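Student: If you scroll down you'll find the structure; I have some questions about it.
Read-outs: derived from the displayed coordinates by stated rules, not from any lab. This is a predicted model, so every value here is computed, not measured. We place every Cβ from the backbone using ideal geometry, glycine too, and count neighbours over all the protein chains shown.
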């Protein structure tokens, strides 16, 4: 805690230039009355960073390059990253060894492994005694690209704003060697600037150099207001439970629930229905040359019902000591993988994931009744096909476990406190490696838990787009997409539709396909559904269908769809907490397009911006008239058509009445049309034809 920080670390921070007369008493120094005040340990709430790199100096041919070629890269700081600083009486005393992930705001093409690491860079404050105070490295591999020196600090206590300005970015030895220029290690290649809003995670009152009292404020996650805010603080212990049954196994993962809000969260055990339920999912990233072409859900569990909250501080928010029927502010309640594996898990079918409502345990249809139901190894657990886990069948694949909390208390609070709706940050994931080619399988964590992040965010190189069809009435979903070019003339289109907490579910998915576009290798994937059992909440207790969605190509689009709600209430819709995949190959490169999402229970279809196959270019005619200020045609004026591509410019001359025409102009490009005359001047026009244009007219300027 801060007392340890106070004694062990603050004497080191004199290096930051505040002077020993302002430092808190260190070891061996007599306490002074001036060493009294408020000591805060703070982390990043949010912020941004800029990294300006001279591309000439980081290219393999960059040695001796003269003119700088600057590329300004912009990043967001990861919310609530544990980059830590110490502030005493509103004065910055300096950072502690820690790091902050930086998230690119746009794509970039960079040399060597920096390009692959671009989406997973961190800025790290090193331990005292290291050659450089800051380094920029790959968060997963630890590979150091740059060292940083010469930066300046500024801290605005009123806004809790930390600025790190003017850091000189130096080429690190490891990266210099990769570029074939080891002698250029230490060369200045750019500048970094960081602006971060900080928040306190520990606050201590210091009297004469001694900690008099200490508090651990609850965490207002992502800067939200302090409504009930249960999150998955950690995932752990992923394992297979029970024997295989046929082609399937059952998995479970442990979850640490944490209350990141300032209000005690209801945790009333069954038969009460005001407590969280905990579903779990399994995903795989695989395919393509780099095993990241697609991101698929391969398993889903039924729900664990929360009971009897403990008062641990596993998330480091600071627990207020409230437990039992409530999870206190800042407190944590762990559920091991064995607890989450059952056996008495409840069906997801009973739950409205947005309102958190499900039947009480003493209702005529209790939410976890198992009467007359025989359990096998996979029953109710993360139901997964053996072939989806086998390392022999999936070489190089990456696996991710995900858990989610759904709770009625958050919805109820949101209704009475509409500015304090914290219902969209309840999903976290963690990467695991898999060992085994057949049951039983074992799992090992590869990285730390990614709090309040959907597993789909781990999909390398994908673009993710949220959709909320009815804000305030229903939940949120995500469309992820990625387009690759596996061979000349072939483009692979991969889409994933994830339903986080939409009760209405998704029934269809459509991508526009114009004439002349060829589609091959059309595919679909969904996770297996659990079989029905007595009083499981599905229609007729039959369980949900696992029938793959058929695809049809007609009317200028390709559409995948399951049965409608009217046709089959148990159809294989994309229900909450699940992700389905759609894919095809095409002979056309990508262009911006709108996917159409149709809903299962209620609501009109909506469109989401994605990329789809571009329509082939066709020949059209561009024509018009050139006139003077009186409207009389200008003869023998030269009209020129130029596009932005490699095509040559084309020119024609107006006829005696001022008319001109260009034949065989290809669509799919933007053109500039200009007029040259000895007697008059004209403004140019920019056009992007999709069909014949007959009125591209020009009038002489005064």
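Student: Based on the mean of other Cβ atoms within 10 Å per residue, sort peptides 543-555, 509-521 so the most packed one is first. Could you put the intermediate results ahead of the total?
Tutor: Details: 543-555: 14.8, 509-521: 16.8.
Packing proxy ranking, top to bottom: 509-521, 543-555.
Student: Let me ask something additional. Output the peptides 394-400, 433-439 sorted from most to least packed, where packing is the average of other Cβ atoms within 10 Å over each peptide's residues.
Tutor: Working: 394-400: 18.7, 433-439: 15.0.
Order by mean packing, descending: 394-400, 433-439.
Student: Between the stretch 654-680 and the stretch 557-619, what's the alpha-carbon centroid distance in Å?
Tutor: One Cα centre to the other: 41 Å.
Student: Could you point to the label whose value was computed as mean projected area of the Cα convex hull in nm² for the structure here, given [x] 39.6; [y] 46.1; [z] 37.5?
Tutor: It is the one labelled [x].
Student: Here's a follow-up. Return 662, 127 ranked ascending by Cβ neighbour count within 10 Å, so the fewest neighbours appear first. Mind dumping the intermediate values first?
Tutor: On the way: 662 21, 127 10.
Exposure proxy ranking, most exposed first: 127, 662.
Student: What order, most packed first, do the peptides 616-623, 292-299 have when packing is the mean number of other Cβ atoms within 10 Å of each residue?
Tutor: Details: 616-623: 15.4, 292-299: 24.0.
For the peptides 616-623, 292-299, the packing ranking is 292-299, 616-623.
Student: P(r) tail for the stretch 461-615, what percent of Cα pairs lie past 24 Å? Don't skip to the end; give the middle numbers.
Tutor: Numbers: 4004 of 11935 pairs.
Within the stretch 461-615, distances greater than 24 Å cover 34 percent of Cα pairs.
Student: Report the Stokes-Einstein translational diffusion coefficient (µm² s⁻¹, integer) for the stretch 619-699, Rh taken as the Kirkwood radius over Cα pairs, at 20 °C with viscosity 1.002 mPa s.
Tutor: On the way: Rh = 12.7 Å.
Translational D for this selection: 169 µm²/s.
Student: Shifting gears a bit: Once Rh for the stretch 49-126 is found with the Kirkwood sum over Cα pairs, what is the Stokes-Einstein diffusion coefficient at 25 °C and 0.890 mPa s, in µm²/s?
Tutor: Numbers: Rh = 14.6 Å.
So the translational diffusion coefficient is about 168 µm²/s.
Student: If you project the alpha carbons of the stretch 89-143 onto their three principal axes, what span does each projection cover, largest first, in Å?
Tutor: Cα spread of the stretch 89-143 along its principal axes, largest to smallest: 43, 25, 16 Å.
Student: How large is the helix-only mean residue ellipticity at 222 nm for the chain, computed as the sum of -39500 (n - 2.57) over DSSP H runs with n ≥ 4, divided by its residue count, in deg cm²/dmol to the nearest 500?
Tutor: -1000 deg cm²/dmol
Student: By its C-alpha gyration tensor, with a ≥ b ≥ c as the square roots of the eigenvalues, how is the stretch 297-395 shaped: rounded for a/c under 1.5, else prolate for a/b larger than b/c, else oblate?
Tutor: Numbers: a/c = 2.34, a/b = 1.30, b/c = 1.80.
The shape class here is oblate.
Student: How long are the semi-axes of the ellipsoid equivalent to the stretch 309-349, from square roots of 5 times the Cα gyration tensor eigenvalues, in whole Å, largest first?
Tutor: On the way: eigenvalues 117, 26, 14 Å².
After scaling each eigenvalue by five and taking roots: 24, 11, 8 Å.
Student: Follow-up. May I ask you to derive the relative contact order of the chain, considering only C-alpha pairs under 8 Å and at least 6 residues apart, and to give it as an integer percent? Walk me through the numbers on the way to the answer.
Tutor: Values: 1910 pairs, mean separation 60.5, N = 702.
The normalised contact order for the chain reaches 9 percent.
Student: Which percent of Cα pairs goes in each bin when the distances of the stretch 226-457 are cut into 10 angstrom slices starting at zero?
Tutor: All Cα pairs, binned at 10 Å, distribute as 8, 33, 34, 19, 6, 0 percent.
Student: Over the C-alpha atoms of the stretch 530-614, what are the Rg and the largest Cα-to-Cα span, Dmax, in Å?
Tutor: So, for the stretch 530-614, Rg and Dmax equal 15.7, 50 Å respectively.
Student: From Cα pairs below 8 angstrom and at least 6 apart in sequence, can you work out the relative contact order of the stretch 461-615, rounded to a whole percent? Present the calculation step by step, with values, prior to reporting the outcome.
Tutor: Values: 387 pairs, mean separation 47.3, N = 155.
Relative contact order here is 31 percent.
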